[in-house]
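What follows is a single structure, written as structure tokens, with notes after it.
The values are calculated or read from the model by the stated rules, or taken from the named source; none is laboratory data. Keep in mind the model is a prediction, meaning the values are calculated, not measured. Don't worry about glycine lacking a Cβ; one is built from the backbone with ideal geometry, like all the others, and counts go over all protein chains shown.
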Amino acid sequence: MMGPMLRRSTRWPFFIFMGGSMFCLLASTVCHLFTCHSKPLAILLMRIDYTGIAVMIATSFFPPIYYIFQCTPIWQWVYLGTISTLALVAVIVLFAPVCQTPRYRPFRTSLFLSMGASGLIPAVHAVATNWHEPLCGLAVAHEASMAALYALGAMIYVIRIPERWKPGMFDLGGHSHNLFHVLVIAGAYVHYRAAILFLEWSDSKVCS
């Protein structure tokens, strides 16, 4: 008797992640280019920028959760529904004018880090149920590297290294915001590589 045929997994979760990342980086680019135009436009663009960050975090969950839990759809809905709800709540909170002031810089960063940290629950669940898979260790290494890069970027952004040590020296380049963006792009690339692993694994997975 013939065994079950392998099927090609759907690609939309992968493209959701790619689209979310591109939206985030585009929103950030536009914000940095035109924030100096006027105060009303600056407020609008900062809100769009914050929305982009929340969207990127939420859409980053789609490839791993969809592909890893493809045989248990209930967990797909639970985890993807949870992160989508958290992203919506974060955007609503950050649209408050008071949250856009420099005083709330640590709060904004903590909110985004909390969204990312919520991924620990599905990550532990995924490892516990798939630890025997050959790609498990490599996938965990990718995702741990991504988390470390994002966390390092957030820490540098909040405590403002290195400009706090040499005020004025890094005004044009090399300041914390520059380093933050470099680390975010590096983290996104590592997660992209992990998403490819999840996709390839999903293509070879057969649900019983």
**OP:** Give just the number: which of (1) more than 20 Å from residue 182 (Cα to Cα); (2) buried (at least 17 other Cβ atoms within 10 Å of the Cβ); (3) touching a residue at least 24 places away in the same chain (Cβ under 8 Å); (4) over 13 Å from the mean Cα position of the chain (by Cα) does residue 95 not satisfy?
**Re:** (2)
Subject >> Only listed residue being hydroxyl-bearing (Ser, Thr, Tyr), touching a helix residue (DSSP H, G or I) at 6+ places or on another chain (Cβ under 6 Å) and not in a helix (DSSP H, G or I), chosen from 28, 9, 21, 84 >> reply: 9
Original post:
Any idea which residue in segment 62-83 is farthest from residue 45 (Cα to Cα), counting only those that are surrounded by fewer than 14 Cβ atoms within 10 Å (Cβ to Cβ) and not β-branched (Val, Ile, Thr)?
Top reply: 71
Subject >> The one condition in (1) at pLDDT below 95; (2) in a helix (DSSP H, G or I); (3) among the small types (Gly, Ala, Ser) that residue 3 fails to fulfil >> reply: (2)
**OP:** Would you mention how many residues in segment 46-81 are without any contact (Cβ under 8 Å) to a residue 40 or more places away in the chain, of a type in the set (A, V, I, L, M), in contact with a helix residue (DSSP H, G or I) (Cβ under 6 Å, 6 or more places away or on another chain) and closer than 28 Å to residue 200 by Cα?
**Re:** 2
**OP:** Exactly one condition in (1) among the polar types (S, T, N, Q); (2) farther than 24 Å from residue 185 by Cβ; (3) out of contact with any Ser or Thr (no Cβ under 8 Å at 6 or more places or on another chain); (4) touching a residue at least 40 places away in the same chain (Cβ under 8 Å) is not met by residue 109; state its number.
**Re:** (2)
Subject >> segment 164-176 residues that are under 20 Å from residue 105 (Cβ atoms) and surrounded by 11 or more Cβ atoms within 10 Å (Cβ to Cβ), paired with ones that are at pLDDT 85 or above and among the β-branched types (Val, Ile, Thr) (beta carbon under 8 Å, 6 or more apart) >> reply: 176/156; 176/159; 176/161
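Name the single residue, out of those in segment 185-208 being assigned to a helix (DSSP H, G or I) and among the β-branched types (Val, Ile, Thr), that is surrounded by the most Cβ atoms within 10 Å (Cβ to Cβ).
190
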Subject >> Identity of the residue in segment 26-39, surrounded by 15 or more Cβ atoms within 10 Å (Cβ to Cβ) and under 20 Å from the mean Cα position of the chain (by Cα), that ends up farthest from residue 58 (Cα to Cα) >> reply: 31
